[in-house]
1. Tell me which residues, restricted to the range 2-53, are within 27 Å of Ala95 (Cα to Cα), in contact (Cβ under 8 Å) with a residue 40 or more places away in the chain and of a type in the set (A, V, I, L, M).
2. Taking the range 20-29 as the region of interest, how many residues are under 15 Å from Ala99 (Cβ atoms) and modelled with pLDDT of 90 or more?
3. Can you tell me which residue among Ala71, Ala95, Ala80, Ala99 is loosely packed, with under 12 Cβ neighbours inside 10 Å and over 26 Å from Asn7 (Cβ atoms)?
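The values are calculated or read from the model by the stated rules, or taken from the named source; none is laboratory data. All values derive from a computational prediction rather than experimental measurement. Backbone-built Cβ (ideal geometry, glycine too); neighbour counts: all protein chains shown.
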Amino acid sequence: MDEQQPNKTLLDYAAGDPRLATALATSLRSMAAQAKNPDNKKLIDDVLAGKADLRDVLRTKGVASRFGETALPRVRSFMALSEEQRAEAIAKAEATLTAHYDRLVEERKKRSGEPGGGVRGQ
């Protein structure tokens, strides 16, 4: 499997959206690179390889506390926005996801020399 391509489990968590699954895989690779605890790194690597469940990572003490420190305030800020502001934020996030995904697809195409770069559905 291409290390940049998310596995089926991550694709399932992303409701079948390859952009979200790719962003999730990218975030997990970043977390693994920054992990100080070798057990946490191995667990994240196992998730990326499809050998462990993402929920197991979210249950680890370090990840859970980091998530609470970073994500929850952002969720609260998002919920405090007006409907129009939320729609604008969602549109911006969609555009960012699409641009990130398109960039990765192009990189795969260049590496593989094949149309679609081995990406399903491309």
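1. Leu10, Leu20, Ala23, Leu48
2. Count: 0.
3. Every option except Ala80 fails the conditions.
The rows are residues; the columns are (1) of a type in the set (Val, Ile, Thr); (2) touching an Asp or Glu at 6+ places or on another chain (Cβ under 8 Å); (3) farther than 22 Å from Val105 by Cα; (4) assigned to a helix (DSSP H, G or I).
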{"site": "Leu20", "(1), (2), (3), (4)": "no, no, no, yes"}
{"site": "Ala23", "(1), (2), (3), (4)": "no, no, no, yes"}
{"site": "Leu43", "(1), (2), (3), (4)": "no, yes, yes, yes"}
{"site": "Arg55", "(1), (2), (3), (4)": "no, no, yes, yes"}
{"site": "Ala64", "(1), (2), (3), (4)": "no, no, yes, yes"}
{"site": "Glu69", "(1), (2), (3), (4)": "no, no, yes, yes"}
